[in-house]
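Novice: Got a structure for you, questions after.
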Amino acid sequence: MSKTIICRCEDVCLADLEEAFKHGRHDLESLKRYTGFSTGFCQGKGCTAHAARFLAALQGGDDMVADPPRVRPLLHPTPAARFAGRDDGGENP
Amino acid sequence: MKDRAELVIIGGGIIGLSLAYHLARMGFHDIVVLEQGYLCFGASGRNGGGVRQQWSTADHIKLARMSVRLFRSLARETGYNIWFRQGGYLFLSRDAESAAALVKNVELQNSLGVSTRQIDVSEARRIVPGLTGKGIAACAYNSTDGVLFPWPAVWGMANTARQLGVEIETFTRVTGIDVHEGRITKVVTSRGAIATGRVVNAAGGWSPQIARLAGCQLPNHPYRHEILVSEPLGPFLDPMLCDLSDGTYFSQTMRGEICGGLSDPEEPSSMSSASSFRFLRRMCRSMTRLMPKLSGVKILRQWAGYYDETPDGNPILGPSKEVEGFIQFNGFGGHGFMLAPAIGKIGAEWLLRQAEHEIFTKYAPDRFGKNPAPKESLVLG
């Protein structure tokens with residue numbers, strides 16, 4: 001059986017969105033928290049539009065009914081040393 | 001939405017939901033919970049999930065001890081896995097004054113059956129490989145403290161309360177509270193009005209605003225508190241680390257992320273939930289000072305929520321003297337989530353069966369200025 005992938009970082013499929021919708025998650029912020037889409041490495045850049053489109057479809061219309069979820073920093077995952085002003089690198093534990 | 005209810009709870013965060021959950025389990029379900037956003041919109045969806053029993057006042061220690069016990073059975077009761085991981089809490093002190101306070105707190109906790117231990121730096125470094133021991137004067141460790149994932153805890157309580165007949169209305173903003181001859185008569189919302197004689201204000205950072213709608217003044221103020229998560233990593237950090245010198249705390253979630261924040265003494269009271277570069281810089285400095293091997297860990301995301309602060313660091317609990325039927329359950333600072341199970345259970349027994357409990361006298365809304373409660377000093381962030 002084929003799957004429609006919504007979020008590659010967190011492995012969220014269309015079926016997961018449908019399941020979440022069935023459990024009463026009818027807005028993007030709630031769908032995001034229930035399924036985890038947009039909380040991975042790309043921070044929602046790859047998935048939010050897909051999720052929004054499918055939410056609109058699940059709601060039975062073409063228009064976006066809900067507001068888009070709030071975009072949170074950072075734009076790109078960045079090592080802590082960069083912000084700490086340390087250049088000693090360090091490695092993942 | 002119902003137009004009449006025995007009890008209206010304003011705020012669909014963990015405090016209001018825990019109260020509704022426990023009331024419903026005791027057989028009382030004529031309740032409407034009003035949430036202005038989605039579930040997890042406020043501080044209950046924005047905190048780091050820390051649950052600790054290490055406090056400086058007996059009341060907080062007892063409430064936290066009871067909450068740990070209740071959190072342990074919450075997943076079974078609700079069918080929602082809250083990912084409660086009892087990896088402990090490790091407090092680190094860097095100066096003589098806070099070291100002395102830490103020793104005193106450990107004694108108080110022990111006297112109340114909470115098995116915190118004062119440990120030396122070498123033991124702390126065994127518990128947390130990679131921890132820098134330099135500059136640390138004293139450590140306190142409790143292995144039964146822990147972290148959980150706040151979202152499923154919120155959903156689990158909400159779902160069970162709903163199944164038991166409680167109405168939870170999301171995206172419903174309270175716009176007015178009608179008071180007639182000193183008594184509450186109605187709550188007006190963006191989706192209609194509900195006639196009621198009893199209203200619980202469990203609105204966290206928004207609770208002073210809600211109180212003003214009923215003509216009451218509360219002394220609490222909201223403060224932005226920022227937090228971050230890293231990329232997910234394999235498990236390597238058991239306890240929540242807390243550095244008392246700057247209020248830094250962080251642990252590893254069950255998803256593998258490092259999640260934490262720190263105090264900012266310059267943060268003014270506000271309703272801002274913006275993210276700042278200042279926080280990123282200060283937090284990354286502090287966490288890499290504690291564990292230099294975190295330098296290469298990538299920070300993924302940051303956000304903010306509100307601490308609902310009172311003048312003495314204790315919550316505001318019980319009926320307001322000015323308006324009959326208006327009950328406060330707010331002012332929990334940054335630790336409402338971890339105390340919510342006990343507060344909900346004790347609160348439900350108090351509301352439903354008039355079971356007296358000392359927290360409703362000690363933390364009464366009118367205590368300020370005349371009956372001050374002992375200040376809780378072990379507050380982070």
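The values are calculated or read from the model by the stated rules, or taken from the named source; none is laboratory data. None of the values given here were measured: they were computed from a predicted structure. Ideal geometry is used to build each Cβ from the backbone, glycine not excepted, and the neighbour counts take in all protein chains shown. In case anyone asks, the SASA skips ligands and DNA or RNA and just uses the protein heavy atoms, side chains included. Shrake-Rupley method; radii C 1.70, N 1.55, O 1.52, S 1.80 Å.
Novice: In degrees, nearest 10, range 0 to 90: what is the angle between the Cα axis of helix B:58-78 and the longest Cα principal axis of chain B?
Specialist: So the inclination is approximately 80 degrees.
Novice: With every protein chain kept in place and ligands, DNA and RNA left out, what is the accessible area per residue of the protein assembly as shown? Probe 1.4 Å, answer in Å².
Specialist: 41 Å²
Novice: How shielded is A:40-47 by partner chains, expressed as the average number of their Cβ atoms within 10 Å of its Cβ atoms?
Specialist: Per-residue shielding by partner chains comes out at 2.
Novice: Could you tell me the accessible area of residue B:213 in Å² (1.4 Å probe, neighbours in place), rounded to the nearest ten?
Specialist: 70 Å²
Novice: Separation between the residue B:188 and residue B:70 pseudo-spin-labels, each 7 Å from Cα along Cα→Cβ, expressed in nm?
Specialist: Spacing of the two 7 Å Cα→Cβ label points: 3.4 nm.
Novice: Then there's this: Take the Cβ-Cβ distance between residue B:3 and residue B:125 as r, set R0 to 60 Å, and report the resulting FRET efficiency rounded to the nearest 0.05.
Specialist: So the FRET efficiency works out to roughly 0.45.
Novice: Let me ask you something else. How much of the accessible area of the range B:57-136, in percent, comes from carbon and sulfur atoms when a 1.4 Å probe is used?
Specialist: On the range B:57-136, the fraction of accessible area on carbon and sulfur atoms equals 51 percent.
Novice: Using a cut-off of 15 Å between beta-carbons, work out the net charge of the residues near residue B:245 (Lys and Arg +1, Asp and Glu -1, residue B:245 not included).
Specialist: Result for the local shell: 0.
Novice: Before rounding to the nearest 500, sum -39500 (n - 2.57) across all DSSP H runs of length at least 4 in chain B and divide by the residue total; then give [θ] at 222 nm in deg cm²/dmol.
Specialist: Mean residue ellipticity, 222 nm, calculated: -9500 deg cm²/dmol.
Novice: Using a 1.4 angstrom probe on the protein heavy atoms only, could you order B:376, B:309, A:19 from most to least accessible area?
Specialist: Sorted descending by solvent-accessible area, the residues read A:19, B:309, B:376.
Novice: If you take each beta carbon of peptide B:277-285 and count the beta carbons of other chains within 10 angstrom, what is the mean?
Specialist: Across B:277-285, the average partner-chain Cβ count within 10 Å equals 4.
Novice: Now a separate question. Straight-line reach from residue B:370: which aspartates and glutamates have Cα under 13 Å away, leaving out those fewer than 8 places along the same chain?
Specialist: Reachable aspartates and glutamates: B:312.
Novice: Let me ask you something else. Too long at a 18 Å Cα-Cα cut-off: which of B:104/B:375; B:62/B:104; B:104/B:362?
Specialist: B:104/B:362
Novice: Lysines within cross-link reach of residue A:45: Cα-Cα under 30 Å, excluding same-chain residues under 8 positions apart?
Specialist: Leaving aside lysines fewer than 8 places away in the same chain, those within reach of residue A:45 are A:3, A:22, A:32, B:293, B:298.
Novice: Take B:3, B:145 and sort them by solvent-accessible surface of the protein heavy atoms, 1.4 Å probe, largest at the top.
Specialist: B:3, B:145
Novice: Right, here's the next one. Taking 7 Å along the Cα-to-C-beta vector as the label spot, tell me the residue B:212-residue A:76 distance in nanometres, rounded to one decimal.
Specialist: It is 4.4 nm.
Novice: Could you pull out every one of the lysines with an alpha carbon less than 23 Å from that of residue B:186, ignoring same-chain neighbours closer than 8 positions?
Specialist: Within the straight-line cut-off, residue B:186 pairs with B:2, B:321.
Novice: When only Cα pairs under 8 Å and 6 or more residues apart are kept, what is the percent relative contact order across the range B:310-372?
Specialist: Across the range B:310-372, relative contact order equals 39 percent.
Novice: To the nearest 20 debye, what is the magnitude of the charge dipole of chain B about its Cα centre, counting +1 on the Cβ of each Lys and Arg and -1 on the Cβ of each Asp and Glu?
Specialist: 780 debye
Novice: Moving on. Chain pair B, A: how much accessible area is buried, both chains summed, with a 1.4 Å probe, in Å² to 100?
Specialist: Buried area (both sides, nearest 100 Å²): 2900 Å².
Novice: Using Cα pairs closer than 8 Å and at least 6 residues apart in sequence, work out the relative contact order for the range B:217-287, in percent.
Specialist: 36 percent
Novice: Taking every residue in B:296-307, how many Cβ atoms of other protein chains lie within 10 Å of its Cβ, on average?
Specialist: What the average comes to for B:296-307 is 5.
Novice: How far is it, in nm, from the label point at residue A:49 to the one at residue B:103 when both lie 7 Å from their Cα along the line to the Cβ?
Specialist: Those two pseudo-labels are separated by 6.3 nm.
Novice: Could you grab the relative contact order for chain B? Cα pairs under 8 Å, six or more apart, rounded to a whole percent.
Specialist: Reported as a whole number, the value is 24 percent.
Novice: Hey, another quick one. Using 0.36 nm per residue, how much length does the chain from residue B:353 to residue B:132 gain when fully extended, once their Cα-Cα distance is taken away?
Specialist: 74.4 nm
Novice: Stick to the Cα atoms of chain B, pair each with every other, and give me the Kirkwood hydrodynamic radius in Å at one decimal.
Specialist: 21.1 Å
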